[in-house]
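Below: the structure, in structure tokens.
The values are calculated or read from the model by the stated rules, or taken from the named source; none is laboratory data. Keep in mind the model is a prediction, meaning the values are calculated, not measured. Cβ placement follows ideal geometry from the backbone for every residue including glycine, while neighbour counts extend to all protein chains displayed.
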Amino acid sequence: MTTETLTKPLSKLADQLNAHLETQPPERALSLLDRCDRCIQHARASFVFTIPADPEGTGKTETDVLLCGHHTRMHLPALLAKGPVSYWIEPQQLMSIRGVNVDRKNTAKTGDGLTGA
């Protein structure tokens, strides 16, 4: 009997997200006015995709998809498989994906919670 622990290799998704997070600008690309395209929550990720040229000549060749944290995690593999031109994801939304290197924010508080101590 051995006491060695088994470690799973990182998934392709975790490797891809780690590579992207290294080059992603740290400043937030979204404002508090940006809302998820699927619900009313604040947007936590933005994906930009190319679209076919409109025959009516509007000239728009790209469109963006804004998603909240829940919908980002739900649809992330499918969105990345479609090959976005660019994307920005709030790093804290990726903490639940095993193997993604995200700095955890320190949310510990001192005191009893009733006073400012």
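The set of residues in the range 61-76 that are in contact with a helix residue (DSSP H, G or I) (Cβ under 8 Å, 6 or more places away or on another chain) and exposed (fewer than 14 other Cβ atoms within 10 Å of the Cβ) is empty.
Please enumerate the residues belonging to the range 22-37 that are basic (K, R) and either over 16 Å from V65 (Cβ atoms) or at pLDDT below 95 (or both). Don't jump to the end; show me each part of the working.
First pass over the range 22-37, keeping only residues basic (K, R): 28, 35.
If the condition is that a residue be basic (K, R) and either over 16 Å from V65 (Cβ atoms) or at pLDDT below 95 (or both), then R28 is the only one that fits.
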